[in-house]
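> Dropping a structure here in structure tokens format, bear with me for questions.
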């Protein structure tokens, strides 16, 4: 399970440190792809399950072949180097406007890598605060 938020820097080669609590899940081989405003990161076993769900959605007619193709064509295999870093694909970094500061955040079954400013905007909006308060109250937490 992926939880927590870690602030890191992206180097000139597009490398980012995978926080140590996530490395065991990512192991030596992982996959990244585009999500809604960020880059998703999964360990190989977890990504296999995700890809099967995506394909099942396409086979069931819930996702078009075009969307499935776009999802799968954006997937890249990444490997941890000796320093615990992965190299993110330049096309994804450019697509989402990554500069230097990034947030590596756990989202239960995956890791999300966000441009720091965009991540802050997501969490600090009034709508997000209201929705969090309502959810906490509803769940009785």
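Values in this text are rule-based calculations from the coordinates and carry no lab data. All values reported here derive from a predicted model rather than from experimental measurement. Methodologically, a virtual Cβ is constructed for each residue, glycine included, from the backbone with ideal geometry; neighbour enumeration extends over all protein chains shown.
> Report the relative contact order of segment 6-113, percent, no decimals, based on alpha-carbon pairs under 8 angstrom and at least 6 residues apart.
For segment 6-113, the relative contact order is 42 percent.
> Once the cut-off is 17 Å, how many percent of the Cα-Cα pairs in segment 3-46 end up in the long-distance tail? Before the final figure, lay out each step's value.
Numbers: 376 of 946 pairs.
Beyond 17 Å sits 40 percent of the P(r) for segment 3-46.
> Now, a different point. How many Å³ per residue does the convex hull of the Cα positions in segment 5-139 occupy? Intermediate results must be reported in sequence, preceding the final value.
On the way: hull volume 17.8 nm³, N = 135.
In segment 5-139, the Cα hull volume divided by residue count equals 132 Å³.
> What ranking do 141, 113 get, fewest neighbouring Cβ atoms within 10 angstrom at the top?
Numbers: 141 6, 113 26.
Listed from fewest to most nearby Cβ atoms, that is 141, 113.
> Right, another one. Take residue 125 and residue 73, extend 7 Å from each Cα along the Cα→Cβ direction, and tell me the distance between the two endpoints in nm.
Reported label-point gap for residue 125 and residue 73 is 2.8 nm.
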